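Have a look at the structure below before the remarks.
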Amino acid sequence: MSAFALPLEDYALLPDDDCDRLIVAAKQRLGSRCVILGHHYQRDEVFRHADFTGDSLKLSRLAAQSEASYIVFCGVHFMAEVADILSRPEQIAILPDLAAGCSMADMANLVNVERCWQELATVVDVESTVTPVTYINSAADLKAFCGNHGGIVCTSSNARKILEWSFARRRKVLFFPDQHLGRNTGYRMGIPLEQMAVWDYTRPMGGLTEEQIEKARILLWKGFCSVHQMFRPEHIDRFKAEYPETLVIAHPEAAFEVCEKADYIGSTESILATVKAAPPNTRWLVATELNLVNRLHQECKADGKHVHFMSPTVCMCSTMFRTDPQHLAWILENLAEGRVVNRIEVPEVVARPARQALDAMLSVV
Ligand code: 13P
Ligand code: SF4
């Protein structure tokens, strides 16, 4: 065994089939010491190697419960951070490609969230009035911010319960970074649109007046997912003009107007469960990432179900797509030789309050 890591360049040009064989062999050598978690947006060539697949909530729980020494997260950066925070100190979280981030998560950072908090404090007593809620799609230091200010984390599958928890404590919520998840969830809890104000983090006081801040029950950070913003209500209208029997299902990161026209709204895990459980020969229009929809289409074909992607243009999550068989083979062959590459490690000073906000979420759902 050499002390030096096998270089990524040795793998970059390997054909997928060769990587496949290396991945299977390395997994066999590693056995129970390594677990591979795969998000539903991963491409097939990677997804097939996952020991467990799921949405953000399910994968967080799996990371917290795992006994493996190495947790290889085929997903994006914030997911591997959560795995590191929730696992035991001696366990190691690994992200196959360090450039696999989330553009929505990057729309909020600690500097502009702290500035927002200070600006809100000039209008209301923030600590007793506002619960900060961060979508799990956010950096660890924002989860820590929530932990330090009596707040909590949510995912797309538990956002409603988390907002209920938050309103049971304080009368307002600052929700970041995804305005759509906040709006879609708040509206379905009965909060009128006029009581949800968008906080534009590029402008002083979020671009809001004191009166607007006072009136708002939810302050929605002006963030969005570049993939889910591609789905438009007119896509549904056009499709239904041809196939009126179509059932529409959307991820809550999609725009309000899309969710308004949807028959079902849910996380990636719930989209899969709903369509798979539907009667044979039904037709579905799905507003979420393309890799998930393509796989669902293949799986449901035998039942005579028709599963269609909502947007006429291809919109994949380019950062989820970064994890390829070449990176996975590189990671696993190094691990099988006892060398850790691409470890994600959150410093304890951040991890401790972030864990508090994550544990609060896991105790609610
Ligand atoms: P889920 O938790 O529904 O899998 O969503 C994660 C995500 O990044 C959606 O864009
Ligand atoms: Fe982030 Fe959107 Fe990709 Fe999900 S689909 S990881 S929210 S950029």
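The values are calculated or read from the model by the stated rules, or taken from the named source; none is laboratory data. Everything numeric here is computed off the predicted structure, so don't read it as measured data. In this analysis, Cβ positions are derived from the backbone assuming ideal geometry, glycine residues included, and neighbour counts consider all displayed protein chains.
Here is the figure for segment 307-323: residues that are crowded, with 20+ Cβ neighbours inside 10 Å and farther than 14 Å from Glu289 by Cβ total 0. Taken together, the residues in segment 310-324 that are charged (D, E, K, R) and either assigned to a helix (DSSP H, G or I) or over 21 Å from Asp97 (Cβ atoms) (or both) amount to 1. Scanning segment 145-166 for residues that are surrounded by fewer than 22 Cβ atoms within 10 Å (Cβ to Cβ), small (Gly, Ala, Ser) and either part of a helix (DSSP H, G or I) or more than 16 Å from the chain's Cα centre (by Cα) (or both) yields one hit, Gly150.
Listed by first and then second residue, the pairs with beta-carbon distance under 8 Å, at least 6 apart or on different chains, first residue in segment 342-365 and modelled with pLDDT of 95 or more, second hydroxyl-bearing (Ser, Thr, Tyr) and crowded, with 16+ Cβ neighbours inside 10 Å, are Ala357/Thr134; Leu358/Ser60; Met361/Thr155; Leu362/Ser60. Here is a check on your reading of the model: is Glu81 in a helix (DSSP H, G or I) and within 16 Å of ligand 1 (Cβ to nearest atom)? Spelling it out, Glu81 is indeed in a helix (DSSP H, G or I) and within 16 Å of ligand 1 (Cβ to nearest atom). Taking Tyr41 as the residue in question, decide whether it is within 16 Å of ligand 2 (Cβ to nearest atom), among the aromatic types (Phe, Trp, Tyr) and either free of Cβ contacts under 8 Å to residues at least 40 places away in the same chain or surrounded by 14 or more Cβ atoms within 10 Å (Cβ to Cβ) (or both). Against the criterion (within 16 Å of ligand 2 (Cβ to nearest atom), among the aromatic types (Phe, Trp, Tyr) and either free of Cβ contacts under 8 Å to residues at least 40 places away in the same chain or surrounded by 14 or more Cβ atoms within 10 Å (Cβ to Cβ) (or both)), Tyr41 qualifies. Checked against (1) touching an Asp or Glu at 6+ places or on another chain (Cβ under 6 Å); (2) modelled with pLDDT under 95, Val35 passes all but condition (2). Restricting Gly190, Gly182 to residues that are of a type outside the set (Lys, Arg), outside any helix (DSSP H, G or I) and over 14 Å from Met107 (Cα atoms) narrows the list to Gly190. Quick one: would you say Ser128 is part of a helix (DSSP H, G or I), surrounded by fewer than 19 Cβ atoms within 10 Å (Cβ to Cβ) and of a type in the set (Ser, Thr, Tyr)? Yes. Reported count of residues in segment 87-112, each being hydroxyl-bearing (Ser, Thr, Tyr) and either touching a Leu at 6+ places or on another chain (Cβ under 6 Å) or within 13 Å of ligand 2 (Cβ to nearest atom) (or both), is 1. Looking only at residues in segment 264-306 that are basic (Lys, Arg) and surrounded by fewer than 15 Cβ atoms within 10 Å (Cβ to Cβ), the one that is nearest to ligand 2 (Cβ to nearest atom) is Lys276. From the list Phe231, Phe239, Phe256, pick out the single residue that is within 13 Å of ligand 2 (Cβ to nearest atom) and either of a type in the set (A, V, I, L, M, F, W, C) or modelled with pLDDT of 95 or more (or both). So the residue among Phe231, Phe239, Phe256 that is within 13 Å of ligand 2 (Cβ to nearest atom) and either of a type in the set (A, V, I, L, M, F, W, C) or modelled with pLDDT of 95 or more (or both) is Phe231. For first residues located in segment 274-303 and within 17 Å of Gln229 (Cα to Cα), partners that are within 16 Å of ligand 1 (Cβ to nearest atom) and aromatic (Phe, Trp, Tyr) and lie 6+ apart or on another chain with Cβ distances below 7 Å form the pairs Val286/Phe309; Ala287/Phe231; Glu289/Tyr41; Leu290/Phe309; Asn291/Tyr41; Leu292/Tyr41; Val293/Phe309.
Among what's in segment 50-80 and is hydrophobic (A, V, I, L, M, F, W, C) and without any contact (Cβ under 8 Å) to a residue 40 or more places away in the chain, pick the residue that is surrounded by the most Cβ atoms within 10 Å (Cβ to Cβ). Residue satisfying both the conditions and the ranking: Leu59.
I'd like the residue in segment 84-111 that is among the aliphatic types (A, V, I, L, M) and part of a loop (DSSP other than H, G, I, E, B) and, out of all such residues, is farthest from Lys222 (Cα to Cα). Ranking the qualifying residues of segment 84-111, first place goes to Leu95.
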